[in-house]
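A.B. asks: Before anything else, here's the structure in question.
The values are calculated or read from the model by the stated rules, or taken from the named source; none is laboratory data. In this text, all values refer to a predicted model and were calculated from it rather than measured experimentally. Cβ coordinates were reconstructed from backbone atoms using ideal geometry, including for glycine residues, and neighbour counts include every protein chain displayed.
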Amino acid sequence: MKQEQSDSETHLVADESAASGTGVTASTADEEKLAKSIVSKVYWGLLPWMFVSGIFSYFDRANFAFAAPSLRHDLGLSNQSYGLASGILFAGYAALAVPSNLVISWVGAKAWLPVLAIIWGVVAAVQAAVREDKALIALRFFLGAAEAGLFPGMWFHCTKFLRGDELTLAYAVILSSAVVSQVLGAPLAAALLLMEGVAGLHGWQWLFIIEGAATALWGVVLAVALAARPGSAWFLVAEEREWLQRRQDREQARRQAELAASGKAWAPLVSAKMWWLSIAWLLIGAIVTNIVVWTPLLLDAALSGDFSGQLKARRAASSDPRAEAWHNAKIALITVTLYAPTAMAMLGAGWSSRHFKERRWHCFIPLVIAAIAFMFVPMAMVQSAIGGFVLLIVAAMGTWAVYGPMVSWPNTLLHGRGAAVGLAFYNVLGAIGGFISPYLVGRLSNGGSYNSSMYVQGAFNLAAALMVLVFWPWGGSKRRKASQ
């Protein structure tokens with residue numbers, strides 16, 4: 001397969017050499033060197049803005065989890081209500097993902113992504129004003145609707161600048177923002193939670209206000225800094241912009257010829273392959289969301305020797321808000337030990353998948369490891385909270401590691417406006433998983449233990465692994481496999 005990829009790339013580079021107007025056409029080797037240089041500049045000129053946007057998006061999800069112990073007490077939320085408030089964000093996400101990404105395909109990411117950032121920043125900050133669970137649930141829905149176009153929009157925008165295996169690393173970098181946001185957000189959340197009582201507000205209220213306002217300001221920065229297309233990329237010189245625009249135009253034409261049926265805007269919705277991949281992504285999205293939403297509460301339960309999830313009474317018994325704030329801040333800081341290795345696993349798997357031009361085993365093996373780790377968490381928690389938490393770290397690493405390969409896979413089936421709809425549809429299925437899973441864990445743990453939720457998450461990972469394993473030989477022509 002590597003040889004097929006090499007032959008395909010060499011042929012395409014030769015075509016580009018013949019059509020290039022840059023003057024660097026002496027040999028295929030010269031053109032390949034130019035291509036590597038330009039792609040490297042694209043990575044550095046485009047991805048940092050998307051990476052930071054992803055961090056701000058996940059800051060809110062992390063904030064809600066870090067605020068959970070005190071927020072649940074102050075608003076009187078049960079595990080089930082907390083799970084619903086966490087998951088309802090993804091209902092709004094699923095409802096508007098496709099329409100939002102269609103808007104991006106019409107007006108462009110540079111115009112639409114900043115608008116989304118400003119809106120969701122404002123909504124995130126307004127969460128500080130809630131006093132009851134119904135208002136909180138409504139705001140979480142609108143927050144998800146505002147964020148819906150971000151990640152599929154960024155994925156779609158990347159296809160304007162990159163192609164094939166170049167996208168795998170790009171997507172892994174963008175999606176690593178999810179775990180990096182936890183690493184950065186944990187100490188930030190800890191500091192803000194310690195503002196308990198300042199100006200008469202709780203620490204969790206300051207958490208929502210400050211990080212929501214920062215997100216809205218970032219939207220203004222993004223409107224200025226994000227490149228709209230290769231032909232206007234400020235980080236390339238004129239000759240490089242022309243070369244990249246020509247290459248991407250030819251790539252689009254080539255894929256349109258190969259995948260004409262998928263080019264119709266709604267074709268991905270009736271594609272069996274897209275449905276298969278999307279359902280696997282739904283299962284993975286369910287687990288990832290649970291890791292983000294429930295880790296602080298799982299850690300709190302483990303450290304207290306109470307993995308049953310019945311923390312409400314103990315929380316209500318605390319009479320010192322400052323002591324409670326310190327406790328919650330420590331939990332936020334400890335979660336860094338989960339997300340730091342998870343970020344490295346995601347980036348490492350994305351790099352390896354791109355290097356070896358392979359996706360199936362880069363998804364299957366980590367998912368199986370994660371499934372086994374989840375299954376053994378309850379047993380480990382009986383012996384040692386540290387041992388149980390280490391297994392949670394392994395499970396998180398295995399689940400998040402597949403993000404780069406999994407997110408770039410649909411691009412082998414899509415192009416044009418069909419890509420915009422297809423990527424949004426893919427993300428919608430992931431969002432549905434994110435909606436179902438927090439509520440499911442809350443329901444399972446509301447009157448019993450967290451143990452059953454660990455078994456369910458292990459089963460989800462195993463099912464996703466088997467779906468990926470079956471999908472591989474179903475991948476189409478040899479040329480299409482080479483492009484993967």
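A.B. asks: Pairs only if they're at least six apart or on different chains, beta carbon under 7 angstrom, first in the range 153-170 and within 17 Å of residue 109 (Cβ to Cβ), second surrounded by fewer than 24 Cβ atoms within 10 Å (Cβ to Cβ) and basic (Lys, Arg); list them, first residue then second.
C.D. replies: 160/229
A.B. asks: I've got another one for you. Scan 192, 162 and give me the residue that is outside any helix (DSSP H, G or I), crowded, with 24+ Cβ neighbours inside 10 Å and at pLDDT 85 or above.
C.D. replies: Residue meeting the stated conditions: 162.
A.B. asks: Restricting to the range 192-209, what's the tally of residues that are touching a residue at least 24 places away in the same chain (Cβ under 8 Å) and under 18 Å from residue 55 (Cα atoms)?
C.D. replies: 3
A.B. asks: Scan (1) of a type in the set (Gly, Ala, Ser); (2) at pLDDT 70 or above; (3) surrounded by fewer than 17 Cβ atoms within 10 Å (Cβ to Cβ) for the single condition residue 319 breaks and write down its number.
C.D. replies: The single condition residue 319 does not satisfy is (2).
A.B. asks: Here's something else I'd like to know. Mind checking which pairs have a first residue in the range 329-345 that is in contact (Cβ under 8 Å) with a residue 12 or more places away in the chain and in a helix (DSSP H, G or I) and a second that is crowded, with 17+ Cβ neighbours inside 10 Å and of a type in the set (Asp, Glu), Cβ under 8 Å, 6 or more apart or different chains?
C.D. replies: That search, which allows pairs on different chains as well, returns 331/300.
A.B. asks: Does residue 60 satisfy the criteria of being within 25 Å of residue 174 (Cβ to Cβ), at pLDDT below 85 and among the charged types (D, E, K, R)?
C.D. replies: yes
A.B. asks: What residue, of 369, 432, is in contact with a Gly (Cβ under 6 Å, 6 or more places away or on another chain), more than 17 Å from residue 158 (Cβ to Cβ) and β-branched (Val, Ile, Thr)? Steps first, answer last, please.
C.D. replies: Details: 432 fails: in contact with a Gly (Cβ under 6 Å, 6 or more places away or on another chain).
None of the others qualify; the one that does is 369.
A.B. asks: Another one. Hey, does the range 131-153 have a residue that's buried (at least 24 other Cβ atoms within 10 Å of the Cβ) and either among the β-branched types (Val, Ile, Thr) or outside any helix (DSSP H, G or I) (or both)?
C.D. replies: Within the range 131-153 (the criterion being buried (at least 24 other Cβ atoms within 10 Å of the Cβ) and either among the β-branched types (Val, Ile, Thr) or outside any helix (DSSP H, G or I) (or both)), the answer is yes, since at least one residue qualifies.
A.B. asks: Identify all residues within the range 347-368 that are within 17 Å of residue 290 (Cβ to Cβ) and hydrophobic (A, V, I, L, M, F, W, C); write none if there are none.
C.D. replies: Hit for the range 347-368 is 367, nothing else.
A.B. asks: In addition: Looking at the range 79-97 only, could you name the residues that are among the small types (Gly, Ala, Ser) and within 20 Å of residue 421 (Cβ to Cβ)?
C.D. replies: Those that are among the small types (Gly, Ala, Ser) and within 20 Å of residue 421 (Cβ to Cβ): 91, 92, 94, 95, 97.
A.B. asks: Could you check how many residues of the range 226-243 are part of a helix (DSSP H, G or I), among the hydrophobic types (A, V, I, L, M, F, W, C) and either touching a Cys at 6+ places or on another chain (Cβ under 8 Å) or within 19 Å of residue 105 (Cα to Cα) (or both)?
C.D. replies: Here the count works out to 0.
A.B. asks: Please go through (1) at pLDDT below 90; (2) out of contact with any Gly (no Cβ under 6 Å at 6 or more places or on another chain); (3) part of a helix (DSSP H, G or I) for residue 476 and return the number of the only condition it doesn't satisfy.
C.D. replies: Among (1) at pLDDT below 90; (2) out of contact with any Gly (no Cβ under 6 Å at 6 or more places or on another chain); (3) part of a helix (DSSP H, G or I), residue 476 violates only (3).
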